[in-house]
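Notes to accompany the following structure.
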Ligand SMILES: [Mg+2]
């Protein structure tokens, strides 16, 4: 049976499901800046942009493909007040309470900046769980956009492993995007949970990879894994 020493969550669209109005607002903000920078009409850019997004599932990657600095997309994303669209989610709070009760260390890895990230987590009702250190009863570690000023691709996952201080196959990475979250995490040898996917729960034969209808299902997954008891504090 696979063992678990850490569960690491992506934040955006993983801990909450994006409301339709919010998604439109994010895309509109991206179109507006990209069209202006490239000096082409927005209507022309939109189709190309959407096609690229479908392929890369990442605004930073689309910006790079368009010859624009990928970090600009991160800035725009961070400028959208996503927290404004979020409400307290008791089931999510339940999941974190459960993980903490089981004494499984947990962390977050996101491209968003720390201030907006904490605001989102607070709005979701996770105030009690968003302490920045494990000693305070919160995250084992927090990796936010500040840690990746230029990084694009899978280098961030090396930092996750480095910070976790455990072997990758004992880390469960929870994310919403196949190309950006799940595949790179798998490549690094981590366990993965791909959340908010249509259809029933799917478990890989080696029980390392999960496709889940929602993020709450992570609760049952961590219950099914054997917890690695840490012998020394990091
Ligand atoms: Mg995400």
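Bear in mind these aren't lab numbers, they're just calculated from the coordinates by the rules spelled out. Every value quoted in this text rests on a predicted model; they were computed, and no experiment measured them. A quick note on method: Cβ atoms are made from the backbone with ideal geometry, for glycine too, and the neighbour counts reach across all protein chains shown.
Given points 7 Å out from each Cα along the Cα-Cβ axis, report the residue 28 to residue 114 separation in nanometres with one decimal.
If labels sit at residue 28 and residue 114, their model points lie 3.3 nm apart.
Take the chain, connect every pair of alpha-carbon atoms lying under 10 Å apart with a spring to form a Gaussian network, then pick out the residue of 69, 184, 20 with the largest mean-square fluctuation.
20
What would the Debye formula give as log10 I(q)/I(0) at q = 0.10, 0.15, 0.17, 0.18 Å⁻¹ for the alpha-carbon point model of the chain, no solvent?
Each listed q corresponds, in turn, to -0.46, -1.02, -1.30, -1.44.
Go ahead and set up a Gaussian network model of the chain, Cα springs under 10 Å, then flag whichever of 25, 135, 197 fluctuates most.
Between 25, 135, 197, it is 135 that shows the largest mean-square fluctuation.
With a Förster radius of 30 Å, plug the Cβ-Cβ distance of residue 224 and residue 136 into 1/(1 + (r/R0)^6) and report the FRET value to the nearest 0.05.
0.55
Test of understanding: ordering 84, 98, 209, 59 by Cβ neighbours within 10 Å, fewest first, what list do you get?
In order of increasing Cβ crowding within 10 Å: 84, 98, 209, 59.
Test of understanding: ordering 228, 195 by Cβ neighbours within 10 Å, fewest first, what list do you get?
228, 195
Could you work out how far helix 155-164 tilts from the main Cα principal axis of the chain, as a 0 to 90 degree angle to the nearest 10?
The helix 155-164 is inclined about 20 degrees to the chain.
So what is the 222 nm mean residue ellipticity for the chain from helices alone, if each DSSP H run of at least 4 adds -39500 (n - 2.57) and you divide by all residues, rounding to the nearest 500 deg cm²/dmol?
Value at 222 nm, helices only, nearest 500: -12000 deg cm²/dmol.
Helix 114-123 versus the longest principal axis of the chain: what angle, 0 to 90°, nearest 10, using Cα atoms?
So the helix axis and the longest Cα principal axis differ by about 70 degrees.
Quickly work out the residue 178-to-residue 3 label distance, labels modelled 7 Å from Cα along the C-beta direction, and quote it in nm with one decimal.
3.2 nm
Answer rounded, prolate or oblate for region 20-84, using the Cα gyration tensor with square roots of eigenvalues a ≥ b ≥ c: rounded when a/c is under 1.5, else prolate when a/b is larger than b/c, else oblate.
Taking the square roots of the gyration eigenvalues as a ≥ b ≥ c, region 20-84 is rounded.
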